[in-house]
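The values are calculated or read from the model by the stated rules, or taken from the named source; none is laboratory data. Note that the structure is a prediction, hence the values are computed from the model and not measured. Cβ atoms come from the backbone with ideal geometry, glycine included; neighbour counts cover every protein chain shown.
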Amino acid sequence: MKKAQTKQILDKNEKISHNNAKDITNNDKRRTEKDTNINIFLLICIIGVSLAILLEILNVRNRYDVCKDNKKLYWVYSAYSDVQNRKGLLKHVHLVLERIGYEKSTNKTPWTLLWSHDFPFRSLYPNLHKLRPNQKVNHFPGTGFITNKVDLATSESKYIPRAFKLPKNKAEFIKYAKLNKDAMFLEKHNQHRGVYLKNVTAIDSDSGESFVQEFIQKPFLVDGHKFDIGVYVVLTSVDPLRVYWYKGDVLFRYCPTKYYPFDANNLDKYVIGDDYLPTWEVPSLAQPYALGYSMKDAFDHYAKTKGLDTTRMWKDVQDAITEVFIKKEHHIVEALKNYPYQDNFFEMMRFDLVVDENLKVYLLEANMSPNLSSAHFPPNQLLYEQVLYNLFSLVGLSTNNDITDNNVRNMMSSQKNIAVYSGACNSICRDDCAVLDICKLCRPCLSTRLRSNLLNAHREYLHQGDFRRLFPPAMEPRANAVNATKFLNEANRLQYLWYQGKCNNDVSWCL
Ligand SMILES: *[C@@H]1O[C@H](CO)[C@@H](O)[C@H](O)[C@H]1NC(C)=O
Ligand SMILES: *[C@@H]1O[C@H](CO)[C@@H](O)[C@H](O)[C@H]1NC(C)=O
Ligand SMILES: *[C@@H]1O[C@H](CO)[C@@H](O)[C@H](O)[C@H]1NC(C)=O
């Protein structure tokens, strides 16, 4: 429309000029110089006005182009082409991004977000090696040490069922099997598909490469059904480490067939597949779910009717996940050394856990690209979209602001938002930054790197939505942090003490 108007205006101007020119040639030469001057003056005025209009139009065009450049673009990557389909596997990723003002694009344009369904650091290395400060990627390099099933399962933890690579760890396996004669193991062969449940005598540790993990034989059941728990977790930083969990809801998936009488040949009794039983089809949970409670609330309610309190269980779920990040952080720190800015990365994973009949928690795996398709279970749409919406907010992708602009950054989080321990900073720390750990948080002692991290931590707090910190964990006001920070490296210890300082000043910061 704008173009058509412009053309009209130009046509009109041309006509006017043309008429004027004709007037001048037809004029009596004896006319006074004054008249000629007036005509020239008019001509100049008309040309001037035309030029002004033209310039204004160009100007508007330019402004429009700038706006277009500012439009936030995202690029979706996977070897699997269905991810480009707005109705496919990543439907809710596309929908949520569009709702918060993103436009789907390619790697040819200056994108703000790369949503990679596959682990991108090998295939996309040339693109990821020279990222600009305002670009974000939904994976961290090095997180394979968490999301690789075998790497995770063979990590030492009271929350992870014992696992062995065979024949590599044959000696340890035989030793463990001798002490735990009743143990059952899920076996996965490198050569064959599928998993098999076997007792220790049935496992042949020399039958080629395989992987076995102890099976939790007495799971807690809801109406007789075994289930697993999927917790959405976000990593926003390492060195120092910041990890969050989505507390808005948790994905509960129930086995379609009742667990007892147990039959190892019937996987529907103990393995969760795409055809799981959703919360709203489990008889005792359907009612609370229909009343609007979350999957997590519905489960907690059920446990309560069985005389069990889930407080401890949820605390253990958080501990189990946190421990993994503390143990694996160094791999990510190491992998990040090949990239210019660590702020380019974030990662959302789903941790899958199970609980036994005493609500003891076991961690089974971490999925690096959790399935967010509601194709099978439309009611899951709300969970997936809420997780994504809160995720984009937490990692700073929801604002329209140019975070590379200092004024914009200060407006969000600045020095006064991160100043803590005023008592110590005004006394004991004044002459010596090394006298106490907390002195390193005082403005004159704060390193540039830590300062930038604390500003990020503050921005995350403001935009965390339904995410809550896993690490650093929830705190008590004025708690003694000595024991809690004893085993942390310096960056994590100082960041922990900073959160403790914020919590001391304002209880809403404690959680
Ligand atoms: C172990 O499994 C094998 C094969 O399924 C079976 O024959 C055997 O009785 C089992 N042993 C024990 C102790 O359960
Ligand atoms: C994701 O889940 C849907 C069911 O909602 C299923 O149809 C699909 O196969 C799953 N995709 C992947 C890649 O696991
Ligand atoms: C720290 O741990 C030690 C040993 O476990 C304990 O005796 C002490 O009370 C703890 N201190 C605080 C402040 O919790």
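The set of residues in the stretch 466-489 that are within 12 Å of W509 (Cβ to Cβ) and within 13 Å of ligand 3 (Cβ to nearest atom) comprises M475, E476. Within the stretch 220-248, the set of residues being over 15 Å from T322 (Cα atoms), of a type outside the set (G, A, S), touching an Asp or Glu at 6+ places or on another chain (Cβ under 9 Å) and surrounded by fewer than 19 Cβ atoms within 10 Å (Cβ to Cβ) comprises L221 only.
For the stretch 436-446, filtered to residues that are surrounded by 13 or more Cβ atoms within 10 Å (Cβ to Cβ) and without any contact (Cβ under 8 Å) to a residue 60 or more places away in the chain, the residue that is farthest from Q500 (Cα to Cα) is C445. Of the residues that make up the stretch 157-173, is at least one within 27 Å of E357 (Cα to Cα), β-branched (V, I, T) and surrounded by fewer than 16 Cβ atoms within 10 Å (Cβ to Cβ)? Looking through the stretch 157-173, none of the residues is within 27 Å of E357 (Cα to Cα), β-branched (V, I, T) and surrounded by fewer than 16 Cβ atoms within 10 Å (Cβ to Cβ). Between D274, D249, the distinction of being at pLDDT below 95 and under 24 Å from the mean Cα position of the chain (by Cα) belongs to D274 only.
Matching residues to (1) in contact with a Gly (Cβ under 8 Å, 6 or more places away or on another chain); (2) within 16 Å of ligand 3 (Cβ to nearest atom); (3) closer than 27 Å to L89 by Cα:
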{"position": "E281", "(1), (2), (3)": "no, no, yes"}
{"position": "S284", "(1), (2), (3)": "no, no, no"}
{"position": "Y289", "(1), (2), (3)": "no, no, yes"}
{"position": "T310", "(1), (2), (3)": "no, no, no"}
{"position": "D316", "(1), (2), (3)": "no, no, no"}
{"position": "M368", "(1), (2), (3)": "yes, no, yes"}
{"position": "Q381", "(1), (2), (3)": "no, no, yes"}
{"position": "N390", "(1), (2), (3)": "yes, no, yes"}
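Filtering the stretch 412-424 to residues that are over 27 Å from V395 (Cβ atoms) and exposed (fewer than 15 other Cβ atoms within 10 Å of the Cβ) leaves S422, G423. Would it be correct to say that K337 is surrounded by fewer than 19 Cβ atoms within 10 Å (Cβ to Cβ) and within 22 Å of E214 (Cα to Cα)? Here the answer is no, as K337 does not meet what is asked. The number of residues in the stretch 457-476 that are among the aromatic types (F, W, Y) and either over 22 Å from Q415 (Cβ atoms) or assigned to a loop (DSSP other than H, G, I, E, B) (or both) comes to 2.
Note on the stretch 69-85: residues that are exposed (fewer than 15 other Cβ atoms within 10 Å of the Cβ) and more than 16 Å from ligand 2 (Cβ to nearest atom) amount to 3. Within the option set S374, S427, being out of contact with any Gly (no Cβ under 8 Å at 6 or more places or on another chain), part of a loop (DSSP other than H, G, I, E, B) and buried (at least 16 other Cβ atoms within 10 Å of the Cβ) holds for one residue only, S374.
Could you tell me whether the stretch 441-453 includes any residue that is more than 16 Å from ligand 1 (Cβ to nearest atom) and within 28 Å of A320 (Cβ to Cβ)? Taking every residue of the stretch 441-453 in turn, at least one turns out to be more than 16 Å from ligand 1 (Cβ to nearest atom) and within 28 Å of A320 (Cβ to Cβ). Residues that are more than 16 Å from ligand 1 (Cβ to nearest atom) and under 24 Å from S116 (Cα atoms): does the stretch 152-170 have at least one? Yes: one or more hits.
For every residue, the table says whether it meets (1) within 16 Å of ligand 2 (Cβ to nearest atom); (2) assigned to a loop (DSSP other than H, G, I, E, B); (3) closer than 15 Å to T236 by Cβ.
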{"residue": "R478", "(1), (2), (3)": "no, yes, no"}
{"residue": "N483", "(1), (2), (3)": "no, no, no"}
{"residue": "N492", "(1), (2), (3)": "no, no, yes"}
{"residue": "Q495", "(1), (2), (3)": "no, no, yes"}
{"residue": "Q500", "(1), (2), (3)": "no, no, no"}
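The strands (runs of 3 or more DSSP E) falling completely within the stretch 152-263 that include 1 or more residues that are away from ligand 2 (no atom under 16 Å from the Cβ) and under 30 Å from Y499 (Cβ atoms) map to 227-237, 242-246.
The set of residues from the stretch 332-366 being within 19 Å of the chain's Cα centre (by Cα) and either aliphatic (A, V, I, L, M) or farther than 25 Å from F392 by Cα (or both) comprises I332, V333, A335, L336, M348, M349, A366. Of the residues in the stretch 151-158, at least one is closer than 25 Å to N380 by Cβ and either modelled with pLDDT of 95 or more or among the aromatic types (F, W, Y) (or both).
Which one is nearest to ligand 2 (Cβ to nearest atom), of the residues in the stretch 267-300 that are surrounded by 14 or more Cβ atoms within 10 Å (Cβ to Cβ) and in a loop (DSSP other than H, G, I, E, B)? The residue in question is Y276.
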